[in-house]
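Step one of this worksheet: look at the structure below.
The values are calculated or read from the model by the stated rules, or taken from the named source; none is laboratory data. The model shown is predicted, which means the values in this text are computed figures rather than measured ones. Please note: Cβ atoms are built from the backbone with ideal geometry, for glycine as well, and neighbour counts cover all protein chains shown. Heads up: the accessible areas ignore ligands, DNA and RNA and are worked out on the full protein's heavy atoms, side chains in. Shrake-Rupley method; radii C 1.70, N 1.55, O 1.52, S 1.80 Å.
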Amino acid sequence: MSPLLFGAGLVILNLVTSARSQKTEPLSGSGDQPLFRGADRHDFAIMIPPGGTECFWQFAHQTGYFYFSYEVQRTVGMSHDRHVAATAHNPQGFLIDTSQDVRGQINFSTQETGFYQLCLNNQHNHFGSVQVYLNFGVFYEGPETDHKQKERKQLNDILDAIEDSTQKVQNNIFHMWRYYNFARMRKMADFFLTHSNYNYVNWWSTAQSLVIILSGILQLYFLKRLFNVPTTTDTKKPRC
């Protein structure tokens, strides 16, 4: 075997071995910089067209906890079905969980690092758009430092207690923020429902008032015609 073929074989073997031993947690660009996590919290509203689908991707590490909640706030169009279908997929494309309701939640622990896919499908409403409020993201229970940095830090008992207390307070504040967003989600849905009922009552009241006025005018017209007496002349006399 020639030295060139032998070297090429070693390179291919090295690539295959490194590919098999690669972890799901990606490495950072340099040893001094932390791993990329991106934005961990999102809350916004989106309009989904009739029969349409909207998808989003959220990056998460394998040691996090993924949360996703939604609520249909209002419908626009002929149909008034407020049900939507929500799905969550892992970075490999496999389905994790589904939810088909006016409001729902999908929560799970992230087992691998990558971009998780969230999709909303307006399949139950073919003649109207829906406005959906979303609140999703990832949070991590432990401090945001890797194992090497943890080993280098040697803190005494007081600093450890302060760090644990701070982390607990931070987690509690985060969960309070989630509950606040969920309450705001319900408040906006109730507001749109109240506004829709208000417009519905006004339109029906106006239509019924016009019908009543028109029927009164018609009744008065026909009653007046019953009492009309034709004038008699020598050439035009009422028949017996």
Please name all residue pairs, on different chains or six or more residues apart, with Cβ atoms under 8 Å, provided the first residue is in the range 184-204 and is assigned to a helix (DSSP H, G or I) and the second residue is acidic (Asp, Glu). 185/71; 186/71; 189/71
By residue number, the members of the range 90-102 that are in contact (Cβ under 8 Å) with a residue 12 or more places away in the chain, open to solvent by 40 Å² or more (accessible area, probe 1.4 Å) and either closer than 10 Å to residue 119 by Cα or outside any strand (DSSP E or B) (or both) are 91, 92, 93, 98
Do we find a residue being of a type in the set (Gly, Ala, Ser), open to solvent by 50 Å² or more (accessible area, probe 1.4 Å) and over 13 Å from the mean Cα position of the chain (by Cα) anywhere in the range 61-72? no
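Of all residues in the range 103-119, count the ones that are among the β-branched types (Val, Ile, Thr) and assigned to a loop (DSSP other than H, G, I, E, B).
So the answer is 2.
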